Amino acid sequence: MNRNIVSITAFFGAVFAILFLRLVHLELVQHEKFDALAAENAAKIFAEPAPRGVIYDRFGKVMVENRPVFSVQVLPYVLSSKDKAEQDRILSKLGSLLGEKVKFKVSPNEPIFVKDNIPLQTAVRIKERERELDGVLVSSRPVRLYPHSSLAAHLLGHVGEIGPKNHAGPGLPDGGRYRKRRGRKDL
């Protein structure tokens, strides 16, 4: 009986020792590999502006509406992990779809805007080739459309990103890097 307890204890001791050594190997030896995999798999936060509602006059005619604007972005953390030949292939393929040469600039976290306000057909062609263009993203954002131009502008207002001349100022936090969309009246 005593012999069975010793053998079972030795067996479980060996199993726990093997598991402990494997844990040490994963945590200390392969730390960099799994850290890189976790950073690549991490959730990335993108600012996505919410569409605003359509405004009608009292007769049901549209005064303000939204229309989609498509843009092409390059995700630098995906593209920079590729070798130089693969980067050149992806960028030249993207350039042929856009009709212009695309240059790659390294940015730590944020996507790099390549071109804004591209036609729907071009956005669809790029989206169709998504598997070939790893690290290229087509996004859309709503933009306000005023069919009657400046009619009732004093009522409808204007909201937009703060312009370059208003970026620096004592009321703006972070040395003038205020990136929220605010009414011009707030400045």
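The values are calculated or read from the model by the stated rules, or taken from the named source; none is laboratory data. Here the structure is a predicted model, which is why all the values come from computation and not from measurement. Neighbour counts run over all protein chains shown; Cβ positions are idealised from the backbone, glycine included.
Looking only at the range 84-101, which residues are surrounded by 12 or more Cβ atoms within 10 Å (Cβ to Cβ) and farther than 17 Å from R125 by Cα?
Of everything in the range 84-101, those that are surrounded by 12 or more Cβ atoms within 10 Å (Cβ to Cβ) and farther than 17 Å from R125 by Cα turn out to be E86, Q87, D88.
Yes/no matrix, rows are residues, columns are (1) at pLDDT below 75; (2) within 26 Å of E40 (Cα to Cα); (3) surrounded by 11 or more Cβ atoms within 10 Å (Cβ to Cβ):
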site: F104; (1), (2), (3): yes, yes, yes
site: K115; (1), (2), (3): no, yes, yes
site: P119; (1), (2), (3): no, no, no
site: T122; (1), (2), (3): no, no, yes
site: E130; (1), (2), (3): no, yes, yes
site: R141; (1), (2), (3): no, yes, yes
site: I162; (1), (2), (3): yes, no, yes
site: G175; (1), (2), (3): yes, no, no
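Wholly within the range 1-90, which helices (runs of 4 or more DSSP H) include no fewer than the required count, namely at least 2 residues that are over 30 Å from V143 (Cα atoms) and without any contact (Cβ under 8 Å) to a residue 24 or more places away in the chain?
2-24, 31-41
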